[in-house]
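Every number in this text was worked out from the coordinates using simple rules, so none of it is lab data. This is a predicted model, so every value here is computed, not measured. Note: ideal-geometry Cβ built from the backbone for every residue, glycine included; neighbour counts use all protein chains shown.
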């Protein structure tokens with residue numbers, strides 16, 4: 001399978017070239033166009049319980065499954081939000097934790113399930129009690145709101161990230177949730193409530209925009225109800 005991510009960090013299209021018999025799974029509504037040799041169908045992928053688990057994490061219940069059933073063909077995919085797409089290669093030795101709405105597509109060797117966070121992380125991380133856990137061997141396409149930036153952590157190096165800017169991180173990277181500042185007054189007046197502290201070695205993917213902040217900015221243009 002060959003792929004190309006086109007048109008930059010704001011309005012990307014993912015072009016995937018499938019050989020005969022190859023398949024790709026993607027989030028619902030991700031397909032933009034496809035060759036006549038490609039078949040598309042809806043699938044739960046993993047059964048009812050995994051489908052319900054994905055819904056709890058903010059994802060769709062069904063996937064699209066695209067298969068090159070009558071020879072090779074091309075598929076164009078796009079995320080529903082304005083933002084970046086990045087391809088991540090998984091070798092089967094670790095899982096990738098991904099924010100809700102972060103999964104765009106993956107090759108046939110990729111499994112998408114959910115991971116339940118503990119009470120404290122679920123309440124304060126901004127991602128809820130359930131996050132996506134992507135495992136297996138193959139290529140996974142991750143989408144974001146805004147551009148994706150990679151923070152490369154050396155062994156024992158730490159970084160603090162606003163939870164609303166998280167995109168994805170490997171399962172072997174340690175992380176904890178904490179207040180953004182010393183004392184609750186400083187925390188609330190800074191505008192940053194809870195943050196995630198990561199400790200390397202590993203790569204943490206973040207996004208340049210905050211969907212909640214953007215939603216708040218848009219509200220000023222909506223008519224006020226009387």
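Panel order for 198, 214, by other beta carbons found within 10 Å of each beta carbon, from fewest to most: 214, 198.
How would you rank 169, 217, going from fewest to most other Cβ atoms within 10 Å of each one's own Cβ? If I rank by nearby Cβ atoms, fewest first, I get 217, 169. Each residue in 37, 144 was given a count of other beta-carbon atoms within 10 angstrom of its own, and listing them fewest first yields 37, 144.
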